[in-house]
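Participant: For reference, the structure I am asking about is given below.
The values are calculated or read from the model by the stated rules, or taken from the named source; none is laboratory data. None of the values given here were measured: they were computed from a predicted structure. Heads up, the Cβs are rebuilt from the backbone with ideal geometry, glycines too, and the neighbour counts pull from every protein chain shown.
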Amino acid sequence: MTHSFKKYFTFGFVLLLAVMAICALTGHPLVSPETLAGLGMLPVMGNLDVQKTLGELTDVAKAAKETVEQVRKSHTELDGRVAKLQEEISAGKADAVTKAAFQDAVAKVEKAENALDKLNQEVTELAQKAANILGKPQTAKTLGQLAAESEVAKTYKGGSVELCTMAGPLFAKANVTSDAASAGVLVDPYRVPGILMSPDTPLTVRDLFTAVSISSNAVEWVQEKLFTNNAGPQAAEAAAKNESGITFEKKTSAIETIAHWIPASRQILADAPQLRGVIDGKLRTGLKLKEDLGLLFGDGTNGNLLGLVPQATAYSAVGIPAGATKIDHLRWAILQVTKAKYPATFAVLSLDDWALIQMMKTDDGAYIFGSPTDGAAPRIWGKRVVESYGLDSGDFVVGSSLAATIYDREEVSVRVAEQHGDFFIKNMVAILCEERLGFTVERPAAIVSGTFPA
């Protein structure tokens, strides 16, 4: 009975598939392909292979129905023969005819069951074929292709028309975009090689004076303190000549150290070799910038150099004609240096003041300092002009290169060491940049510092 139940169940399932196939072929599917696609059972694809497979399934289903009827009829006939045979055996009336009829019924059942086994194999092969077709998505036509192939598109003459329709959700899945939550993580940004650094500040003041290398920690020098000039004619022969006087004083200027450092790990210096050069360059530039400011403004205390401005002679505008411009005041300061018996060689101006002077024009609109395209070195009254980032707008310094001297004890150097605190056990290093130098202003009268009148 169990064997018969399994057979009937298989036939019932086959009949169900056959009914679905017949309905689909007649244009009235019980379940649409789109619904099956939504359930993950059938991808949206061309109809050719599906219709062919469903047609074959329909033929097998018809054969299955006929075979089931044969098996049912054979089993009914066999059951009747068995009941009759049992009655005759019980009554002792079983003869050769009855036994032959029984054997014939058994043979018919066996033949029907063999046909059922063959049909079961065909159903299995057909199911595998259908699985291969259903499991291998075929290329579906896009909405654009369907629209292009439509008859409406071929005869379109303008206006709003419906070119095509497509069943099923077009946007069942989330859009693939460059957002980080979608496919954005797959996009690698372009990396600009190297490191973009801030611009370095130009250095200026050091170039104005002579630099001398020394090997001591201090500079001693003798400065003229007072000169009495009594030069004059001899009154007569054997008459006493005039006596002049001069006094001196010894001065000492200390060698000062300017330095700074940056901590860095040994790993990053090894993994990014260009970083070492960048750090060295920035340390050197920063050091020279501080040196430049010290040469100009240093007050001589707490390890600072004693610079030009604190030792300079104050500018005097006494006697300058009324209505004087900035250019006129610079010429008057040059005159003041010249009266101190030193040749003026430079003028230090703020960025703003030099720009305003360069933009000055004649009444006809011509630039006083020539064409804006002129690439000549900046000069005024024949003297070199130095643009200073440290000088405030409105201030200026005029002087002679003979007024001061720079003494280099140790030029700029960069060193790396682990001997700092617990750097050794932390794989850290200290990158140190330093220099030692002295600065003397031997002739303060040759340096004039002032402010342009408002």
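To keep it simple, each residue is scored yes or no on (1) in contact with a Phe, Trp or Tyr (Cβ under 8 Å, 6 or more places away or on another chain); (2) among the acidic types (Asp, Glu); (3) in contact (Cβ under 8 Å) with a residue 12 or more places away in the chain.
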position	(1), (2), (3)
Thr405	yes, no, yes
Val414	no, no, yes
Glu434	no, yes, yes
Gly438	yes, no, yes
Val441	no, no, yes
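Participant: I need the full set of residues from region 336-359 which are under 20 Å from Ala404 (Cα atoms) and surrounded by fewer than 16 Cβ atoms within 10 Å (Cβ to Cβ), in order please.
Facilitator: The answer is Thr338, Lys339, Lys341, Pro343.
Participant: Return only the number of the condition from (1) at pLDDT 85 or above; (2) within 30 Å of Val348 (Cα to Cα); (3) part of a loop (DSSP other than H, G, I, E, B) that Met197 does not satisfy.
Facilitator: Result: Met197 passes all but (1).
Participant: May I ask you to verify whether Tyr342 is touching a Ser or Thr at 6+ places or on another chain (Cβ under 7 Å) and over 30 Å from Ser413 (Cα atoms)?
Facilitator: Here the answer is yes, as Tyr342 does meet what is asked.
Participant: Here is a follow-up. Taking region 307-334, which residues are touching a residue at least 12 places away in the same chain (Cβ under 8 Å) and either out of contact with any helix residue (DSSP H, G or I) (no Cβ under 9 Å at 6 or more places or on another chain) or within 12 Å of Ile258 (Cα to Cα) (or both)?
Facilitator: Ala314, His329, Arg331, Trp332, Ala333, Ile334
Participant: Where in region 250-316 are there helices (runs of 4 or more DSSP H), lying wholly inside it, with at least 3 residues that are within 25 Å of the chain's Cα centre (by Cα) and in the same structural domain as Gly438 (by TED's automatic domain parsing)?
Facilitator: 266-271, 273-297
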